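Heads up, the thing below is written out as structure tokens.
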Amino acid sequence: MAEITPLNVIIPDSYVGPNLQAAVNQATGVSPQTTKAAVWIPATYAGIDTYSNPSNIPVFDMRGTGSTPTLGCQSGCSYVLGTPDLPWVPAGGNTSALSSANQGAFSRFYNNATRSVSKVCLQVTTASAGGNLDVGVYSVSGSTGTLVWHSGALSTTSTGVQCATSPTAVLSPNQNYYIGWMADNTTVTMASATGTAGNVDVILGGIGAANTYGLNATDVGTGGVLPGTITITNITNSTTKLLIPWLQVFN
């Protein structure tokens, strides 16, 4: 007969901590010899904060679902970052090169389910010897974007696939996030998750809401690595650049 192990359910509140990371941290600290723990995010939770969950504590997110959690890709699956768990995207072109070194490109996307980001792969299509690039995901709180996952410096010396595995970030459902990328040069390009120039850029940059698809000349990085925070209003929409790289997530 299988052993029945007690389950502690941690709910974020003023006692546990008014944020999701505090709840996950408490659940992680519960001794596995005596009990198990999970985090329950009630539908009434009004915060927009995100959290990391490297120990893969079970998280049941009830926001926006009424009675059942909305779960996307968690483990043993793959999807294209910025899409609703699509395993691949139609063949597109390449991203544009950046206008200035260490000035990032940012594209907003809506995340409709709880999904994890751990290992991400991209393809360098135009190399820049001795250079580096970084790709990442920013959460949004008011006018501040906070880096919740990034690859760190990846070499742009050669074309081909580059992969990075960083501590897992869990993207909350029904929230906006930004895909960001940066390089220490103005040569490198990557395979794009979108079509050719003159289509996506004109629509997203020209018709889309301000500060949702463009370049940020103010919040600069160093050595091709993204900054920890950005000011969303510093993103200037672009109608002449393809800025969304194809980032394949493997969980």
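The values are calculated or read from the model by the stated rules, or taken from the named source; none is laboratory data. Only a predicted model underlies this, so the values are computations on that prediction, with no experimental measurement involved. Here Cβ is always computed from backbone atoms with ideal geometry, including for glycine, and neighbour counts include all displayed protein chains.
If you go through region 108-155, how many residues are under 24 Å from VAL188 (Cα atoms) and in a loop (DSSP other than H, G, I, E, B)?
Count: 8.
Filter region 130-141 for residues that are touching a residue at least 60 places away in the same chain (Cβ under 8 Å) and of a type in the set (Gly, Ala, Ser); which is surrounded by the most Cβ atoms within 10 Å (Cβ to Cβ)?
Only one residue fits best here, namely GLY136.
Among the candidates THR231, THR146, THR222, which residue alone is over 15 Å from the mean Cα position of the chain (by Cα), polar (S, T, N, Q) and surrounded by 14 or more Cβ atoms within 10 Å (Cβ to Cβ)?
None of the other options fit; the residue is THR231.
Which strands (runs of 3 or more DSSP E) does region 156-222 wholly contain that include 3 or more residues that are closer than 12 Å to ALA105 by Cα?
175-183, 213-216
Scanning for something crowded, with 21+ Cβ neighbours inside 10 Å and closer than 22 Å to SER116 by Cβ, does region 200-214 turn up at least one residue?
No, there is no match, as no residue in region 200-214 is crowded, with 21+ Cβ neighbours inside 10 Å and closer than 22 Å to SER116 by Cβ.
If you check THR157 against the conditions, is it surrounded by fewer than 16 Cβ atoms within 10 Å (Cβ to Cβ) and touching a strand residue (DSSP E or B) at 6+ places or on another chain (Cβ under 6 Å)?
no
Write out, first by first residue and then by second, each pair whose Cβ atoms fall under 7 Å of each other, whose residues are 6+ apart or on separate chains, and whose first residue, in region 10-32, is farther than 16 Å from PRO58 by Cα while the second is outside any loop (DSSP other than H, G, I, E, B) and at pLDDT 75 or above.
VAL16/ILE10; VAL16/ALA22; VAL16/ALA23; VAL16/GLN26; GLY17/ALA23
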